[in-house]
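Participant: Starting off with a structure, shown below.
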Amino acid sequence: MDIDYTSTDHSVSKSWNRMYNKHTLSDDPKAVVKHFESYAQVYDHDCKKLEFSSPEEFGKTLQAEMDDKMFKSQSANVLDVACGTGLGAEGLLKHGYKGNIDGIDGSQAMIEKAKKKGIYRNLARGILEPNTPMPYADNAYDGLICIAALSKGHVSPELLKEFVRITRKGSPIIFSVRNNESNQSYIDQFEAVVKQLTNLKAWVEVKRSTIVQYSVDLSNDQGHPMQSLLCCYRKV
Ligand SMILES: C[S@@+](CC[C@H](N)C(=O)[O-])C[C@H]1O[C@@H](n2cnc3c(N)ncnc32)[C@H](O)[C@@H]1O
């Protein structure tokens with residue numbers, strides 16, 4: 001089925017086809033970001049239609065894992081990596097986070113949608129690639145989230161090293177990784193980087209759980225909805 005980015009017929013199958021398609025399985029971040037340039041107009045609508053629950057889970061996790069005083073401080077700084085249209089920031093605010101949120105994403109159109117919500121302090125455009133430093137100083141953030149972007153052809157697991165560099169000691173680093181068959185080779189690389197950072201005592205694992213990414217799910221992947229690993233690490 002071709003991807004129809006313009007249709008206002010928001011049937012579940014059209015939404016699913018826009019969300020999960022050849023781009024989801026691509027090896028090329030530039031092609032993936034190009035897809036989101038087209039997808040930006042209806043992305044939020046599809047997330048609602050498919051009951052995308054991750055932003056809610058991330059809000060809950062940041063609230064639980066960030067120091068309470070920091071969570072409620074207007075001077076706290078959190079970075080939303082691959083922020084898209086800003087659903088992650090909305091999830092944090094819904095749970096009572098009071099500080100600043102910056103975002104970075106490869107797609108200008110997704111960023112424009114996020115900007116319109118008026119909830120980010122700074123938004124930057126940049127396609128994140130291995131061996132290219134993120135445009136932030138060491139220890140700049142009190143927390144970091146990265147929702148639904150650590151997967152094949154999207155954000156490389158090598159970027160986890162940058163997540164550690166740009167966060168302050170003690171900060172929660174929270175991210176999800178699509179955990180299904182088609183992402184298995186990525187997960188293997190991801191686990192190797194996680195192990196490397198753990199062995200270097202750069203971070204410690206706080207918790208891992210499995211979440212359902214879309215409650216309305218047409219993938220029928222091994223008989224259950226698409227799942228993600230929700231991981232929280234703390235910078236040492
Ligand atoms: C599935 S969306 C998730 C967006 C948002 N985090 C959310 O939860 O709604 C994936 C986002 O990652 C961005 N993205 C994918 N690969 C990227 C890369 N290598 N560098 C920067 N952004 C990337 C896309 O532009 C898109 O906005």
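The values are calculated or read from the model by the stated rules, or taken from the named source; none is laboratory data. All values reported here derive from a predicted model rather than from experimental measurement. We place every Cβ from the backbone using ideal geometry, glycine too, and count neighbours over all the protein chains shown.
Participant: Could we say that residue 109 is within 19 Å of the chain's Cα centre (by Cα) and without any contact (Cβ under 8 Å) to a residue 24 or more places away in the chain here?
Facilitator: no
Participant: Among the candidates 141, 136, which residue alone is touching a Lys or Arg at 6+ places or on another chain (Cβ under 7 Å) and buried (at least 16 other Cβ atoms within 10 Å of the Cβ)?
Facilitator: Values: 136 fails: touching a Lys or Arg at 6+ places or on another chain (Cβ under 7 Å).
When all the criteria are applied, what remains is 141.
Participant: Residues in segment 16-56 that are assigned to a loop (DSSP other than H, G, I, E, B) and either on the phi > 0 side of the Ramachandran plot or surrounded by 16 or more Cβ atoms within 10 Å (Cβ to Cβ) (or both): how many? Quick ask: steps written out before the conclusion?
Facilitator: Taking segment 16-56 and keeping what is assigned to a loop (DSSP other than H, G, I, E, B), we get 20-28, 50-51, 53.
Then drop every residue that is not either on the phi > 0 side of the Ramachandran plot or surrounded by 16 or more Cβ atoms within 10 Å (Cβ to Cβ) (or both), which leaves 20, 23-24, 26, 50-51, 53.
Counting residues in segment 16-56 that are assigned to a loop (DSSP other than H, G, I, E, B) and either on the phi > 0 side of the Ramachandran plot or surrounded by 16 or more Cβ atoms within 10 Å (Cβ to Cβ) (or both) gives 7.
Participant: Let me ask you something else. Could you list, in sequence order, all residues of segment 31-42 that are near the ligand (Cβ under 9 Å from one of its atoms) and farther than 14 Å from residue 21 by Cα?
Facilitator: If the condition is that a residue be near the ligand (Cβ under 9 Å from one of its atoms) and farther than 14 Å from residue 21 by Cα, then 37, 40 are the ones that fit.
Participant: Out of all the residues in segment 65-90, which are touching an Asp or Glu at 6+ places or on another chain (Cβ under 8 Å), part of a helix (DSSP H, G or I) and within 16 Å of the ligand (Cβ to nearest atom)?
Facilitator: The answer is 87, 88, 89.
Participant: Within the bounds of segment 19-28, is there any residue that is within 8 Å of the ligand (Cβ to nearest atom) and in contact with a helix residue (DSSP H, G or I) (Cβ under 9 Å, 6 or more places away or on another chain)? Steps first, answer last, please.
Facilitator: Going through segment 19-28, the residues within 8 Å of the ligand (Cβ to nearest atom) turn out to be 19.
Add one more test, that the residue is in contact with a helix residue (DSSP H, G or I) (Cβ under 9 Å, 6 or more places away or on another chain), and what stays is 19.
Yes - at least one qualifying residue is present in segment 19-28.
Participant: Follow-up question, since we're still on this one. From (1) away from the ligand (no atom under 12 Å from the Cβ); (2) within 30 Å of residue 12 (Cβ to Cβ); (3) part of a loop (DSSP other than H, G, I, E, B), pick out the condition that doesn't hold for residue 93.
Facilitator: So residue 93 meets the others, but not (3).
Participant: Just one of the numbered conditions (1) out of contact with any Gly (no Cβ under 7 Å at 6 or more places or on another chain); (2) in a helix (DSSP H, G or I); (3) within 13 Å of the ligand (Cβ to nearest atom); (4) small (Gly, Ala, Ser) is not true of residue 59; which one?
Facilitator: Residue 59 satisfies all of (1) out of contact with any Gly (no Cβ under 7 Å at 6 or more places or on another chain); (2) in a helix (DSSP H, G or I); (3) within 13 Å of the ligand (Cβ to nearest atom); (4) small (Gly, Ala, Ser) except (1).
Participant: Kindly establish whether residue 13 is loosely packed, with under 14 Cβ neighbours inside 10 Å, away from the ligand (no atom under 13 Å from the Cβ) and assigned to a helix (DSSP H, G or I). Can you show your working first?
Facilitator: Working: loosely packed, with under 14 Cβ neighbours inside 10 Å: yes; away from the ligand (no atom under 13 Å from the Cβ): yes; assigned to a helix (DSSP H, G or I): yes.
When the stated conditions are applied, residue 13 passes them.
Participant: Yes or no: residue 190 in contact with a Pro (Cβ under 9 Å, 6 or more places away or on another chain) and at pLDDT 95 or above? If you could, list the steps in order and put the result at the bottom.
Facilitator: Working: in contact with a Pro (Cβ under 9 Å, 6 or more places away or on another chain): yes; at pLDDT 95 or above: yes.
Against the criterion (in contact with a Pro (Cβ under 9 Å, 6 or more places away or on another chain) and at pLDDT 95 or above), residue 190 qualifies.
Participant: Something else about it: Which one is modelled with the lowest pLDDT, of the residues in segment 199-233 that are charged (D, E, K, R) and either part of a strand (DSSP E or B) or under 23 Å from residue 164 (Cα atoms) (or both)? Write out each step before concluding.
Facilitator: We begin by selecting, within segment 199-233, every residue charged (D, E, K, R); these are 201, 205, 207-208, 217, 221.
Retained after the next criterion (residues that are either part of a strand (DSSP E or B) or under 23 Å from residue 164 (Cα atoms) (or both)): 201, 205, 207-208, 221.
Values: 201: 98, 205: 98, 207: 97, 208: 97, 221: 57.
Per the stated criteria, the residue is 221.
Participant: Moving on. Please specify each residue of segment 160-191 satisfying the condition of being assigned to a helix (DSSP H, G or I), surrounded by 15 or more Cβ atoms within 10 Å (Cβ to Cβ) and not hydrophobic (A, V, I, L, M, F, W, C).
Facilitator: The initial filter retains those residues of segment 160-191 that are assigned to a helix (DSSP H, G or I), namely 160-166, 181-191.
Now drop any that are not surrounded by 15 or more Cβ atoms within 10 Å (Cβ to Cβ), which leaves 160-166, 182-183, 186-187, 190.
Once the filter is applied, which keeps residues that are assigned to a helix (DSSP H, G or I), surrounded by 15 or more Cβ atoms within 10 Å (Cβ to Cβ) and not hydrophobic (A, V, I, L, M, F, W, C), segment 160-191 yields 161, 162, 165, 182, 183, 186.
Participant: Against the condition within 11 Å of the ligand (Cβ to nearest atom), at pLDDT 95 or above and part of a strand (DSSP E or B), how does residue 111 come out, does it pass? Full working, then the answer.
Facilitator: Numbers: within 11 Å of the ligand (Cβ to nearest atom): yes; at pLDDT 95 or above: yes; part of a strand (DSSP E or B): no.
Judged against the criteria, residue 111 is not a match.
Participant: Please specify each residue of segment 121-133 satisfying the condition of being within 14 Å of the ligand (Cβ to nearest atom), surrounded by fewer than 19 Cβ atoms within 10 Å (Cβ to Cβ) and either not charged (D, E, K, R) or not in a loop (DSSP other than H, G, I, E, B) (or both). Can you show your working first?
Facilitator: First, pick out the residues of segment 121-133 that are within 14 Å of the ligand (Cβ to nearest atom): 123-133.
Checking the rest, the ones that are also surrounded by fewer than 19 Cβ atoms within 10 Å (Cβ to Cβ) come to 124-127, 129-133.
If the condition is that a residue be within 14 Å of the ligand (Cβ to nearest atom), surrounded by fewer than 19 Cβ atoms within 10 Å (Cβ to Cβ) and either not charged (D, E, K, R) or not in a loop (DSSP other than H, G, I, E, B) (or both), then 124, 125, 126, 127, 130, 131, 132, 133 are the ones that fit.
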